[in-house]
1. If one computes the Cα centroid of region B:487-553 and of region A:93-125, what distance in Å separates the two points?
2. If you take the alpha carbon radius of gyration of chain B and divide it by 2.2 N^0.38 Å, what ratio comes out, to two decimals?
3. With axes computed from alpha carbons, what is the tilt in degrees of helix A:396-425 against the longest principal axis of chain A, rounded to the nearest 10 within 0 to 90?
4. Enter the mean number of other protein chain beta carbons within 10 Å of the beta carbon of each residue in B:162-173, as an integer.
5. Filter B:LYS396/B:LYS471; B:LYS219/B:LYS395; B:LYS309/B:LYS532; B:LYS330/B:LYS532; A:LYS37/A:LYS245; B:LYS219/B:LYS239 down to the pairs with a C-alpha to C-alpha distance above 22 Å, please.
6. Once you have the alpha carbon radius of gyration of region A:229-324, what is it after dividing by 2.2 N^0.38 Å, with N set to its residue count?
7. About the Cα centre, and with charges only on the beta carbon of Lys, Arg (+1) and Asp, Glu (-1), how big is the dipole of region B:67-210? Nearest 20 debye, please.
8. For region A:56-108, rounded, prolate or oblate, judged on the Cα gyration tensor with a ≥ b ≥ c (square roots of eigenvalues), a/c < 1.5 rounded, else prolate if a/b > b/c?
Amino acid sequence: MTVYVKGVVFGDVDFDNPDCWRLEEYVKRGGYAALKKIINEKISQDDIIAEMKTSSLRGRGGAGFPTGLKWSFMPRSFPGQKYLVCNTDEGEPGTFKDLDIIVYNPHALIEGMIIGGYAMGITVGYNYIHGEVFEAYQRFEEALEEARAAGFLGDNILGSDFSFQLHAHHGYGAYICGEETALLESLEGKKGQPRFKPPFPASFGLYGKPTTINNTETFASVPYIVREGGQKFLELGKPNNGGTKLFSVSGHVNRPGNYEIPLGTPFADLLEMCGGMRDGKKLKAVIPGGSSAPVLPADIMMQCTMDYDSIAKAGSMLGSGAVIVMDETVSMVSALERLSYFYHEESCGQCTPCREGTGWLYRVVHRIAKGEGRPEDLDLLSRVGDNIAGRTICALGDAAVFPVRGMLKHFRHEFEDLIKDAQTAKPL
Amino acid sequence: MLEIEIDGKKLTVPGGSTVMDAANSIGVHIPHFCYHKKLSIAANCRMCLVQVEKAPKPLPACATPVTDGMKVFTHSDQAVTAQKGVMEFLLINHPLDCPICDQGGECQLQDLAVGYGQSSSDYAEEKRVVANKDLGPLISTDMTRCIHCSRCVRFTEEIAGFQELGMANRGEFTEVMPFIGKTVNSEISGNVIDLCPVGALTSKPFRYSARTWELSRRKSVGAHDGLGSNLIVQVKNHKVMRVLPLENEAINECWLSDRDRFSYEALNSAERLTAPMLKQGGVWQQADWQTALEYVANGLKQIVAEHGKDSVAVVASPNSTVEELFALRKLMAGLGVEQVQAFARQADFAARTQGAKWLGQSIEELAQNEAILLVGSTLRKEQPLLAQRLRQSVKKGLLLSAVNPHRDDLLTKVAAELLVRPDQLVEGLLQVVKAVAEQQNATVPSHIDLSGVVVSAEAAAIAQTLIGKTKATVLLGNLAQNSARFAEVYAAAEVLATLTGAKLAVPAIAANSVGAELIGADVGGNVFAMPKKAYVFLGVEPEFDAHNGAQALAAAQQAEMVVVLSPFQSCALEYADVMLPVSPFTETSGTFVNMEGKAQSFNGVVRPLGETRPAWKVFRVLGNVLGFSGFDYNSSEEIRDEALAGDIASRLSNTLVTPVAVKAQAATGLVRLGEVPVYGTDSIVRRAPSLQASADASLAQTLRVNAATASKLGLVAGGMAKVNQAAGEAELSVAIDDGLLDDVVRVAAATPLTRNLGDLVGAISVAKA
């Protein structure tokens, strides 16, 4: 993919330079300055975490949990091994931002993780990389070698008494492994299935040890915050929504790609950056935060700004920042059919409502799309959805239900029309 | 302590409790499938969702920790809606085949569907169909019925010690399956049948033979190892149809070994002896009881009169009840016969203790040890549930170590292990004794000669696990108890226990070994070494149940008179003169004293088959026929009260009466490691077809050597080998077992293939066949 607009993470990256990802280029852009500053000035762990809190950086993986707060949960005085894990298992349909980070600017992530390790007193980290992006994985391994060779990573970093080992782990391509506890299970060599929480990873994580897990983009934003200060980061965005954020725009726009823009940018502006709608068609709807986020119709979307609070207020989620744009030609029934198929396919099968319910949802939507819908089907979809949402071990169940609810809320008539046609077409 | 309110009822529970624990403690039932008190929490069925005040959504009771002041509603609208929603999901892909499902009537899904299901389903699509799996001869599968609760998977991993079942695939395509091409071979596998809340895993031997509501449930006690597992025997029309565990936390918890669960098949075997038989003029003829008993009485009386009291010996199964052994011994005393031996598998009788040998502690106490040293034991096969219990203890910190002639996987962490030849258990133990003495600077009693003993690193490591522990035990397994140098093993183990402050444990091999010793049914040593004029066999088959099967069989064949009391016909047809059908444990009342010295009485669960009579009644009538006084018992309880009068505990002791001299000896040459296989223990187990079809039973048909010995002997895995021992020979297929030392030849006893061989442990010769 291409990154069209640059912000905190991509800064001065020159995408035309094939070596832009290398350590040498990264250092030229001011890379590892944050780490050097911490080591040389012996900045305290508390100060770093305070700076993270000031920045108002929120988790970029989808849940939007304040990063500084998460870091403060790590029991730093815990005597045994603790782990830092980066979630690069980018599997949410529509999302392709983390891939670009490890391809074009991997050292920002590495530096961010080293700083995270320093701030939380952790000496071992893992980056769990999605199974279907092998070349990106190889590049990350190369970047790790560079960092080790330069003394930024490994034992006694920059001559200090701080050591941090970072390893890449190549996953196997299951969507569920993006769920943090399933990721931990997979990392431990087990079948990727979410754990019941509590206990949370902060107390019982990888190999049962305290663990902090953050998204790739979150870690990659850390060097900027340390270098430039949390306040400056916050001011890039808006209160409670600090910084810039990567949006992966796909669908019926003229220029799909990654856009790193300040949180709070109006959606209308983002659409314009993307060159507007393809073939001059009319905007019909947008899924603003990855496939799990409820769809929003054009009129609502055009009033939104791209930040956590605005999108939540409109009834959806900013999620991972995957913006799926749909024009007037899209059948919402077909769109939902594809989404429901995905969740049916990707449910881990561990707990009952999701295992049995995602298949049921898909089959009902499928038969409506096939023109075989029944009058009671829409109520059935709502009822089945209600029986899944909030009843499962992890959020995949909710993620399967939200698109259904969104579609039925804003585009119910399309479903009703298809069902009506099916009923009329039925031979007597 | 935390305060919690459940459905308006206030209670306090200890910290760390879950909502499920709290509800159980006040008898509030929360519907569930995946939750099981002995397994880890999975929280995957979601049936136990309950409403918790201030929680935005319903929470699973099994996994939600109680917090102080929590208010839980198990039957509120929110809770019941959630539970009904889960039930609907469980039923959409579950077949409605209850009328032909073996689980029908005892199915948790069926039961809960009554309360939480709908009478019709909105699911109009095709239901899922899942291919069945071959889990071996004991467990039958109908995987389409599986609701993915994962209890069976967690059982194999956590309780049985090895994950023989797993969840493959994803989403609604998830399937429980064994490793590809493998079956479930655990010695406690049958418990997954009880754990399965639906009819996905059912009992293969029981399948389609009865409906659960037709069965009566009767209590009994396990008759095939020394644990004394509590049983529920299910019967129909005076036939045992199935055996299940009866929960007893102090003994078997809620589990049962496959041996205790499936051996009932033999009770309905065609080999049952149903009427007294007499051999007259070389021809077997059915006789009435009166005639048969008079024949026995006269015959024995005459032989004693002609040849003296020592010309008659009695061999009884240690699985016989207290009542049977006591009445038998009293009867023989009347005839003047002293040799009544219930320990025919033992080779060395020199270790005389001050009381009956026992576990030295309760089963629960054993599990609380900090360190246990196993000496000569295939614990998983000897005492399957004891091995299970210790596996759980290891997880809590127990250091388990072993001095063993094999390296069979205990499926748990072993702290240290010393591998020895089967005839060198003594030397192995002496190494540990010496290591302890050196590390503690202690002096060893003079009867223990440590000269020439070299302490190996393994022995030092074992010593390390025992030293300084407040609770430690040295446990002598079946291989040790049946070894030719048992007295020396015993004396060395006793010294080791004394030096380290550990207890000495001698877990009973059979259901009533402790009872037999209490009664004194351990007289005569090896009664086959000097052949007798007459033998009386109670429930034993000498070719399988003696230390040297060939010797025992020859002794029986040369005797003038052999009286066999057994539930089965057998090769006794070859050597017996009288066969009297006596009840197996299911057809008589009786008492077993288990390894911890606990006497457990039970009633007959079915009527004796045909003309079969309880053995104690047979001895009572024989006493009358012989005109002895003191045989007017009206019930087995009267015999028990006489036999076990007073306190049992005070008559148990593992302390040797006199010291036994111990000295290391060198050993060379091929040596047999002859264990009694898990499904060869007694005449009932040996006739249970499903157990005999198991992987363990197949393994007992092989000759096992390590790779080096195999190549030295020119043997190849899968090829055949001819073995010779004493005058007998056998042909066996070869398997490689790299847990054996060089020159050790593992050939099981108590199987038809090896019945002509000699001592369990002794010189053997092997050639390629």
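1. Going from one Cα centre to the other spans 68 Å.
2. Details: Rg = 27.9 Å, N = 769, 2.2 N^0.38 = 27.5 Å.
With N residues counted in chain B, Rg over 2.2 N^0.38 Å equals 1.02.
3. So the helix axis and the longest Cα principal axis differ by about 20 degrees.
4. On the way: counts 0, 0, 0, 0, 1, 5, 2, 3, 13, 15, 12, 6.
Whole-number average of other-chain Cβ neighbours for B:162-173 is 5.
5. Going by Cα-Cα distance, B:LYS219/B:LYS395; A:LYS37/A:LYS245 fall outside the 22 Å limit.
6. Working: Rg = 12.8 Å, N = 96, 2.2 N^0.38 = 12.5 Å.
Cα Rg divided by the expected 2.2 N^0.38 Å: 1.02.
7. With Lys and Arg at +1 and Asp and Glu at -1, about 160 debye.
8. On the way: a/c = 2.35, a/b = 1.72, b/c = 1.36.
Since a/c reaches 1.5 and a/b is larger than b/c, the shape of region A:56-108 is classed as prolate.
The values are calculated or read from the model by the stated rules, or taken from the named source; none is laboratory data. Values in this document were obtained by computation on a predicted structure and should not be read as measured data. Glycine also receives a Cβ, built like all others from the backbone with ideal geometry; neighbour counts cover every protein chain displayed. Remember, those area values only see protein heavy atoms, side chains included, never the ligands or the DNA or RNA. Shrake-Rupley method; radii C 1.70, N 1.55, O 1.52, S 1.80 Å.
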